[in-house]
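Inspection log for the structure reproduced underneath, given as structure tokens.
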Amino acid sequence: MELTTIWFLLVAVLFTGYFILEGFDFGVGMLLPVLGRDDRERRVLINTIGPVWDGNEVWLITAGGAMFAAFPEWYATLFSGFYLPLLLILLALIARGVAFEYRHKRPEASWKRRWDAAIFWGSLLPAILWGVAFANILRGVPLDADHEYVGGLLDLLHPYALLGGVTTAALFLTHGAVFIALKTTGEVRDRAGALAVKLGLGAAVAAVAFLTWTLSIRSSAAAVVLAVGAALALLGGLAAARARREGWAFTGTAVAIALAVATLFAALFPNVLPSTLDPAGTLTATNAASTPYTLKIMTWVAVVFTPIVLAYQGWTYWVFRKRIGVVNIPQH
Amino acid sequence: MDALDVARWQFGVTTVYHFLFVPLTIGLSILVAILQTLWHRTGNERYLKLTKFYGKLFLINFAMGVVTGIVQEFQFGMNWSDYSRFVGDIFGAPLAIEALVAFFLESTFIGLWIFGWDRLPKRLHLASIWAAAIGTNLSAYFILAANSFMQNPVGYTINPETGRAELTDFVAVLTNKVALITFPHTLAGSFLVAGSLVVTVGLWHVMRNRDSADTGAYRFATKFGAWVVLVSAALVTITGDIQGKIMTQVQPMKMAAAEGLYTTESPASFSVLTIGSLDGSREIFAIKIPYLLSYLGTGDPDGTVQGINDLQAQYASQYGAGSYTPIIPVTYWSFRFMIGFGMAAAAIALLVLWTQRKGRTPTSRWLLRAGLILPVLPLLANSFGWIFTEMGRQPWIVFGEMLTRDGVSRSVSLTEVLTSFTAFTLIYAALAVIEFKLLVRYAKAGVPDLTPTAEPDDTDDDAERPLAFAY
């Protein structure tokens with residue numbers, strides 16, 4: 001396999017990992033005001049992701065770094081072109097990250113309320129904006145022959161992109177609700193389980209519409225198979241959620257997100273950022289890539305370190321596998 | 001004002017801000033790990049209390065370092081996309097490795113450490129803080145290797161077809177002599193900050209909280225921190241000296257600009273105070289120590305140190321007409337502030353140790369005040385150090401290869417950069433106030449009372465037991 005193809009796959013894997021992992025912690029953040037009816041319940045929700053959210057976010061930093069290293073043209077055009085959406089994502093991630101750490105540092109209700117708002121908006125905005133961003137990558141954006149973005153903000157906001165945003169937000173909400181049902185006890189667990197099914201049906205409708213629309217823009221046999229798989233996995237997950245088989249439900253939503261992201265990358269390949277203007281402006285896995293020497297070094301680094309990272313991150317989830325409930329929340 | 005100016009200001013502001021938190025993360029992670037190791041080895045609860053106490057301050061700070069760090073990675077693509085295109089083949093690799101090798105380690109194990117007090121066996125819990133601390137310190141190496149490429153590009157070639165820099169020798173990039181010396185210099189500077197914070201908080205309690213049952217713990221912390229400051233100050237001086245010699249070789253203009261040395265001299269004298277003309281082309285008044293600059297720059301008291309005007313002429317003939325001189329007052333003063341604030345911190349630490357000799361308790365109100373400003377000094381020293389090293393490289397973004405003005409994103413408008421600069425400045429300012437108040441609050445609260453911690457177990461028998469730590 002070509003090195004550029006390997007790196008296209010690796011970037012896809014990193015974003016898949018990011019959306020599966022931070023997907024549920026975005027979901028937990030968005031559900032904070034819905035499922036957490038008082039402070040103790042909200043603390044239960046936050047503590048389901050407390051030990052892991054930071055590690056989850058590093059998947060994004062690694063994906064960004066991998067794009068920079070392996071496809072500098074893609075990184076440069078995408079990040080300068082999608083300027084304001086990325087700015088909003090950054091501001092949201094800043095507010096949200098600090099909120100997790102600072103919320104419990106003072107007892108005042110007003111203090112906590114403000115950080116709760118930061119967690120909610122800081123989760124909702126990126127959950128929508130990542131969908132908007134990926135829809136635009138799939139549809140293509142105005143690029144000139146030098147691969148420079150020549151559109152404005154409004155070129156990124158169109159019905160297809162907005163549907164993309166709704167889809168990622170709905171998927172992450174469902175994934176988050178299923179995760180909460182899996183990780184908590186008592187009333188929170190019951191409420192989350194019931195809500196997951198409702199949210200999931202909405203997510204399924206949005207996802208099917210979005211993936212169908214995507215495949216009508218650009219497609220491949222693999223992408224079609226993956227999209228069907230994503231839909232089936234989501235429905236399977238929902239059936240499991242209804243039957244209160246929470247482990248299977250979580251597996252279902254995780255696989256659904258993985259296959260949906262895989263669908264997008266499979267449909268995109270070999271392009272990485274198509275141009276809607278001059279076809280010469282289109283960035284592909286070949287013309288956006290670094291030199292084979294750089295890719296070879298990075299491949300070795302990835303081959304050695306990715307399994308190690310997966311092992312210890314997986315172990316963390318094992319360490320914190322216990323469910324928690326309001327009884328486990330200390331007073332202070 | 002154009003997009004380039006705002007992008008430069010944004011990079012300066014966000015980077016200096018990010019580096020207010022990073023040194024504390026780098027240094028304090030190791031110091032907390034050492035305290036926990038002391039507890040583990042001796043069983044003395046004093047060290048456990050200090051571990052938890054400084055651990056809390058560490059975490060308040062850690063969160064800020066993490067979230068401001070994401071901005072740094074995204075900013076290259078957002079504001080400096082032509083720079084990213086030019087160097088991506090080389091510069092992206094250390095960034096990606098930093099994330100994969102260091103950030104995962106740091107973030108995963110910090111989570112285990114924060115929440116793992118009752119879930120992990122003691123040894124593994126101790127190993128977690130060490131893993132996080134090692135991850136943090138490792139991350140510094142990769143990002144400094146990337147920065148060192150900008151100061152002293154090595155291991156690359158320019159592809160004549162695309163006009164881009166391409167990697168030819170990755171080992172050369174990682175063993176860039178600028179990186180090898182900047183890494184220990186930066187770490188020493190970071191420990192200067194961490195040690196200072198440990199001193200300040202400990203000293204405040206020693207002096208203000210005399211009847212506390214934990215005075216012994218605070219006294220230990222104060223001395224421990226003061227020794228960390230002194231050793232770091234020694235290391236920062238030694239590494240800085242070596243760095244100066246390397247800089248004289250690879251970036252002679254930066255050395256000349258640090259000194260306000262306008263004409264080549266051999267031997268060159270070290271400037272105590274130089275006042276130059278407004279356009280920065282000649283000196284008006286100067287107080288100098290003979291031979292010292294030659295010695296600092298070359299190791300030989302009679303060595304030749306090139307001057308700004310001669311280098312400017314040389315670069316103009318080499319790279320074409322234009323100014324290749326950094327803003328001299330900025331480089332000259334930031335260089336002096338870096339050294340001055342760093343040394344002042346060491347002097348205060350020495351004073352703190354002296355006033356506590358043989359079990360004495362210091363009483364001077366002046367000492368308390370000096371102690372309270374202590375952590376600010378190395379923070380300023382670090383900030384000025386970075387301002388010096390980055391401003392001293394100007395007008396280059398990659399020395400000798402790309403000008404800063406050519407690296408900016410062409411597709412990003414002034415309005416967009418202004419929006420982003422304003423948004424970051426506002427949110428950063430608000431968070432700085434919140435963070436500072438929290439640090440003061442928790443520092444004043446003092447070491448925790450130790451409630452008995454249960455042994456970790458894997459059974460669900462005690463499913464109703466409260467968590468040892470919860471957000």
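Where a number appears in this text, it was derived from the coordinates with a stated rule and is not lab data. These numbers were taken from a predicted model, which means no experiment stands behind them. For neighbour counting, all protein chains shown are included, and Cβ atoms are generated from backbone atoms with ideal geometry for every residue, glycine included.
Listed values, structure above:
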| item | result |
| --- | --- |
| For the stretch A:146-300, alpha-carbon Rg and Dmax in angstrom | 18.8, 58 |
| The protein assembly as shown - charge dipole about Cα centre, Lys and Arg +1 at Cβ, Asp and Glu -1, debye rounded to 20 | 2960 |
| With eigenvalues of the C-alpha gyration tensor scaled by 5 and rooted, the stretch A:149-198, Å | 35, 9, 6 |
| Residue among A:205, B:62, B:173 farthest towards the positive dipole end of the protein assembly as shown, charges placed on Cβ | B:62 |
| Where the Cα pairs of the stretch B:23-154 fall when distances are cut into 5 Å bins, in % | 2, 10, 18, 21, 15, 11, 9, 7, 4, 3, 1, 0 |
| Cα Rg, Dmax, the stretch B:130-270, angstrom units | 21.1, 74 |
| Once the Cα gyration tensor of the stretch A:3-328 is diagonalised, semi-axes √(5λ) in Å | 33, 21, 20 |
| Neighbour-count ranking [beta-carbon atoms within 10 angstrom, fewest first] of B:315, B:218 | B:315, B:218 |
| Helix-only CD estimate at 222 nm, as mean residue ellipticity for chain A, using -39500 (n - 2.57) per DSSP H run (n ≥ 4) | -26500 deg cm²/dmol |
| Size of electric dipole in the stretch A:3-328: Cβ of Lys, Arg +1 and of Asp, Glu -1, about Cα centre, debye, nearest 20 | 1400 |
| Relative intensity, log₁₀ I(q)/I(0), of the protein assembly as shown from a Debye sum that treats every alpha carbon as a point, q = 0.10 Å⁻¹ | -1.09 |
| Ordering of B:295-304, A:224-233, A:41-50 by packing [mean C-beta count within 10 Å, highest first] | A:41-50, A:224-233, B:295-304 |
| On Cα atoms only, tilt of B:177-208 relative to the major axis of chain B in degrees | 40 |
| With eigenvalues of the C-alpha gyration tensor scaled by 5 and rooted, the stretch A:178-262, Å | 27, 11, 8 |
| Cα gyration tensor, the stretch B:356-424 - rounded (a/c under 1.5), prolate or oblate | oblate |
| Anisotropy class of the stretch B:323-442 from Cα gyration tensor, a/c 1.5 cut | oblate |
| Percent RCO, i.e. relative contact order, over chain A, from Cα pairs under 8 Å lying at least 6 residues apart | 25 |
| Average beta-carbon neighbours from other chains, 10 Å sphere, peptide B:437-450 | 1 |
| Amide hydrogen neighbours beyond the local backbone of residue B:402, cut-off 5 Å, H modeled | B:397 |
| GNM flexibility winner over chain A from A:153, A:264, A:238 (Cα, springs under 10 Å) | A:153 |
| Proximal lysines relative to residue B:444, as straight alpha-carbon distance under 27 Å, when same-chain residues fewer than 8 apart are discounted | A:105, A:112, B:49, B:52, B:56, B:223, B:358 |
| Helical contribution to [θ] at 222 nm, DSSP H n ≥ 4, -39,500 (n - 2.57), averaged over chain B, rounded to 500 | -23500 deg cm²/dmol |
| Protection proxy ranking of B:79-85, B:344-350 - average other beta-carbon atoms within 10 Å, highest first | B:79-85, B:344-350 |
| Cα point-scatterer Debye curve for the stretch B:308-358, base-10 log of I(q)/I(0) at q = 0.15, 0.17, 0.20, 0.32 Å⁻¹ | -0.60, -0.66, -0.76, -1.06 |
| Leading residue at positive end of dipole, chain A (Cβ point charges), from A:21, A:188, A:227 | A:188 |
| Order of B:262, A:312, A:83 - criterion: other Cβ atoms within 10 Å of each residue's Cβ, fewest first | A:312, B:262, A:83 |
| Inter-chain Cβ neighbour average for residues B:164-177, partner chain, 10 Å | 2 |
| Computed Kirkwood radius, in angstrom, where 1/r is averaged over Cα pairs of chain B | 24.1 |
| For the stretch B:1-54, the fraction of alpha-carbon pairs in successive 5 Å shells from zero, as % | 5, 18, 16, 12, 9, 8, 8, 7, 6, 5, 4, 2, 0 |
| Among A:179, A:120, A:79: highest mean-square fluctuation, GNM of chain A, C-alpha pairs under 10 Å | A:79 |
| The stretch B:252-325: relative contact order as a whole-number percent, Cα under 8 Å and 6+ apart | 35 |
| Relative exposure of A:291, B:331, judged by other C-beta atoms within 10 Å (fewest first) | A:291, B:331 |
| Efficiency of FRET between residue A:286 and residue B:419 - r from beta-carbon atoms, R0 41 angstrom, step 0.05 | 0.75 |
| Electrostatic dipole magnitude of the stretch A:181-311 [Cβ: Lys, Arg +1; Asp, Glu -1; Cα centre; debye, to 20] | 340 |
| Between 0 and 90°, nearest 10: helix B:45-79 axis offset from chain B longest Cα axis | 30 |
| Extent along principal axes [Cα atoms of the stretch B:252-325; Å; largest to smallest] | 34, 26, 14 |
| Angle in degrees between helix A:39-49 and the longest Cα principal axis of chain A, rounded to the nearest 10 | 40 |
| Shielding score for A:47-53, defined as the mean number of other chain Cβ atoms within 10 Å | 5 |
